[in-house]
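Before any comments, here is the structure.
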Amino acid sequence: MSQNTITSSVVSLEISGAIANITLNSAPVNALSKAVRLGIIEAMNAALDNASVKGITITSSLALFSAGADISEFGNADDLSPMLPEVLNVVENSTKPVFAIVNGNAFGGGLELALACHYRITHAKNRVGLPEVHLGILPGAGGTQRLPRLADVQTALDMIVTGAPTSVQKLDIVFDVIVEKPEHLFEQAAKFVATAIEEEFPVKPVSAITLNLDAKTAGLFEKYAQGVAAKTKGFFAPLQCVKAVKAAFELPFEDGLKRESALFMECMNTPQARAQQHFFFAERAASHVQGMDKNTKVRDIKKVAIIGAGTMGGGIAMNFANVGIPVVMLEMKQEALDKGLALIHKNYLNSAKKGKLSEQQVTDRMNLLSGTTDYADLGDVDLVIEAVFEKMSVKKEVFGALDRVCKPGAILASNTSTLDLNEIAQSTSRPQDVIGLHFFSPANVMKLLEIVRGAQTADDVIKTSLHLAKTINKVGVLVGVCFGFVGNRMIEPYGRESNRLMLEGASPEQVDRVLGKFGMPMGPFTMGDMAGLDIGYFVRESRREFIKHDPSYCIVADKLVEQGRVGLKCGKGAYLYEAGNRQPIPDPAVIDIAKQEAARLGIKQRDISDQEILERCLYPLINEGADILHENIASKSSDIDVIYVYGYGFPVFRGGPMQYADEIGLAEVKARLEYYRDTLGEYGKQWFSPSPMLNQLVADNKNFSSSK
Ligand code: T1G
């Protein structure tokens, strides 16, 4: 029989007999905002003051327990007290046992809340984690001190340094009860709590457990830190995580908490933390389309067709089979179809060999894939994705055929990366159903999906595509139609500049080393060799009229291709490669080509600083991003950041190129562009004029993230 209750909008307290039940109820994820923290403290105090209460439970009314601290409060200067550590001290120092009924995911401060309770009950399907490191910080409410007191040191380190969600079944020492079936959780928990009260279970603060740093553990920390340093270059927080967990073994609990808090603030005040927290929201904002009616419907996608069973077509098809959506692949010739399906099967068998898939999963996926050489077999599909040769006449032929056979309401998508989607759409009678779905190679691996809205693409087609991206585990970003859309358009100046720098005296190794040190997974020359220099060459051939005014434009790359040096696939490009080895080997012959072309073009070679290389490769890319925002090809700068981190390996600890520019300061980026405009002669004037958008933002003392 309930006696009294307290209900704030986000936390409720209901006292039933000797039990006080505190419930978090702050949709969508029980972020531990100031209101929630105040609510917990108020409810705890009410329960502690109520003499009839012998025990307190804390749980959630949502599907998840809590996603932790409210990230949107970070960097907010208002009075945010009580802070989470203070709230958790009230919970842990309770004179009445506190039971965490962890009914769903508990991440970050959410898990720390459970660790501050005296007993933890959950269900076997649950996962918990401390993902703070993905925000450039570390657990700052006792997680680094309490978790190692319950779990073994290796598990605690792995959870905190990787931030990966962990099944509670691997954490049975952390949880007092793990109920097999989620639907029995509350019933079983009530039984456990009733027994605990009846048998007067003691309060059991985790902080009371002591840890010692013996030689073996000290050795483990040292080895672990070396491993982390090697694997997390550029990231600041991972090593701080190791130091914080080590403090739990070196210091008494209260001092360990202070150490954790100091390390937490050190992380919080870093560009990495700002970048990664920016990226957390950027990734989620990508699926929000400004001005779209929120009641716009999503079309059902139950069956998909892929036109073209080449490498891209095959990779695209795997994304759908991986999530249980049947796919029919169309090819002109049977042998091309058989070859394409065989390649997919081989890829799945490779994954099975690596233990990523079971044999049954391979069979199930292959059973979802079928093939045809007849367009008439596509009459019942909900979505078609065309992945044929990158030629307008071929695209138009395919879309004409699809227009004749596909049912009304089917979405007709093109995987084109360079061609005009509006022109493709005009080759059908239903341009409103035409959209670009630009996958990145390898399409079954790369997380990014550029969703290209045509001039007539319908809102429900756009919304369906954004929704579909999530379904196939991609991050969909909406972009407009222009050459190269967002990603490839911005990478063009990056490639141009790296080539020009070689003409002016830099070596491929120097340029790649600089961008590698910056955090790119590989430099532009290694990337070019990996992708194949011929791809860029043919794109330049198709655009000569736009670049003919600059005779030095990627001239070294052109010469390499004309000499048959197309990259890794033939063992030589900007570098040499030994058979079966991807390790780039510097080749003096390439330097000679650059010297000859420089002499022919009258370009004086000189020593070039690493800083100049970095600025000349990244600032024009950023400047192109500003033009893209100016032309509304991207609706917000954070979308560009998501495209670059997921599509081009831009380091997430920089937050993406536009966040990086904001961190440096747009005035500085503008000033450096103007410096190169004014010091690189005619070449500078051609390529280094700041974008009108950049000029305007600097004049308004604004930055990219506050612009759109
Ligand atoms: N704070 C604020 N907003 C949050 C949030 C959080 N912790 N988590 C999610 N949101 C918002 C999100 O922006 C989105 O908003 C909506 O909720 C749904 O999220 C002291 C300091 C829990 C796995 O890093 O990983 O605790 O876009 O789309 O796909 O040690 O959200 O709808 O406007 O992602 O179902 C550590 C972060 C915090 C977990 C659910 N915690 N969240 O995924 O939904 S730091 C985390 C997630 C900390 C302490 C420290 C995921 C999720 P909108 P969603 P989802």
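Each value in this text was obtained by applying a stated rule to the coordinates, not by laboratory testing. The model shown is predicted, which means the values in this text are computed figures rather than measured ones. Positions of Cβ are backbone-derived with ideal geometry, glycine not excepted, and every protein chain shown enters the neighbour counts.
Of interest is the spacing of the C-alpha centroids, which for the range 172-208 and the range 414-482 amounts to 50 Å.
For VAL452, nonlocal amide neighbours, meaning residues 5 or more places apart or on other chains whose placed amide H falls under 5 Å from its own, are GLY436, LEU437, HIS438, VAL479. Remark: the range 518-641 carries a charge dipole of roughly 400 debye about the Cα centre, counting +1 on each Lys and Arg Cβ and -1 on each Asp and Glu Cβ. Near the amide H of MET329, within less than 5 Å, lie the amide hydrogens of ILE306, SER370, GLY371, THR372, all on another chain or at least 5 residues away, with H placed in the peptide plane.
Listed from fewest to most Cβ neighbours within 10 Å, the set SER167, SER542, SER638 follows the order SER167, SER542, SER638.
What's the angle, to the nearest 10 degrees (0 to 90), between helix 153-162's Cα axis and the longest principal axis of the chain? Between helix and principal axis, roughly 40 degrees.
Excluding same-chain neighbours fewer than eight residues apart, the aspartates and glutamates reachable from LYS517 by a Cα-Cα span under 16 Å are GLU509, ASP610, GLU612, GLU615. Seen against the Cα atoms of the chain and their longest principal axis, helix 271-285 is set at about 80 degrees. Around the amide H of GLU386, modelled in the peptide plane, lie the amide H atoms of ILE307, ALA413, SER414, ASN415, all under 5 Å away and 5 or more residues distant in sequence or on another chain.
Shape class of the range 523-613 from the Cα gyration tensor (axes a ≥ b ≥ c, square roots of the eigenvalues): oblate, since a/c reaches 1.5 or more and a/b does not exceed b/c. Just to confirm my numbers, what's the Cα centroid distance between the range 579-649 and the range 353-396 in Å? So the two Cα centres are separated by 35 Å. In terms of its C-alpha gyration tensor, the range 562-708 has an oblate overall shape, because the principal axis ratio a/c (a ≥ b ≥ c, square roots of the eigenvalues) is not below 1.5 and a/b does not outweigh b/c. Annotation: average projected area of the range 33-144 is 7.3 square nanometres, based on the convex hull of Cα atoms across all directions.
Normalised by 2.2 N^0.38 Å, where N is the number of residues, the alpha-carbon radius of gyration of the chain equals 1.08.
Averaging 1/r across all pairs of distinct Cα atoms in the range 249-332 and inverting the result yields a Kirkwood radius of 18.3 Å.
Here the dipole of the range 224-378 is about 220 debye; that uses its Cα centre as origin and unit charges on the Cβ of Lys and Arg (positive) and Asp and Glu (negative).
Can you give me the angle between helix 588-601 and the longest principal axis of the chain, using Cα atoms only, in degrees from 0 to 90, rounded to the nearest 10? Its long axis makes an angle of about 60 degrees. A cut-off under 10 angstrom between Cβ atoms defines the neighbours of GLU92, and their net charge, with Lys, Arg +1 and Asp, Glu -1, is +2. Counting only residues at least eight positions apart within a chain, or on another chain, the lysines with an alpha carbon under 20 Å from that of LYS54 are LYS96, LYS191, LYS204. Taken about its Cα centre, the chain carries a charge dipole of roughly 960 debye when the Cβ of each Lys and Arg holds +1 and the Cβ of each Asp and Glu holds -1. Here the chain carries DSSP beta bridges of which approximately 30% are antiparallel, counting only pairs with both residues inside.
Give the residue from ILE344, ILE385, ALA309 lying farthest towards the positive end of the charge dipole for the range 307-409; charges sit on Cβ (+1 for Lys and Arg, -1 for Asp and Glu) and the dipole is referred to the Cα centre. Final value for the positive-end residue is ILE344.
Positive contributions from Lys and Arg (+1) and negative ones from Asp and Glu (-1), summed over other residues with Cβ under 9 Å from the Cβ of ILE633, come out at -1. When each of ARG582, ARG365 is scored by the number of other beta-carbon atoms lying within 10 Å, the sequence from fewest to most is ARG582, ARG365.
Looking at the range 306-397, the chymotrypsin sites (Phe, Trp or Tyr not before Pro) that sit in a DSSP loop and have at most 15 other Cβ atoms within 10 Å of their own Cβ are PHE389. For LYS346 and GLU631, the FRET efficiency from 1/(1 + (r/R0)^6), where r spans their Cβ atoms and R0 equals 41 Å, is about 0.45. When the pairs LYS302/LYS463; LYS391/LYS636; LYS303/LYS391; LYS223/LYS246; LYS356/LYS447; LYS670/LYS702 are compared against a 22 Å limit on Cα-Cα distance, LYS391/LYS636; LYS303/LYS391 fall above it.
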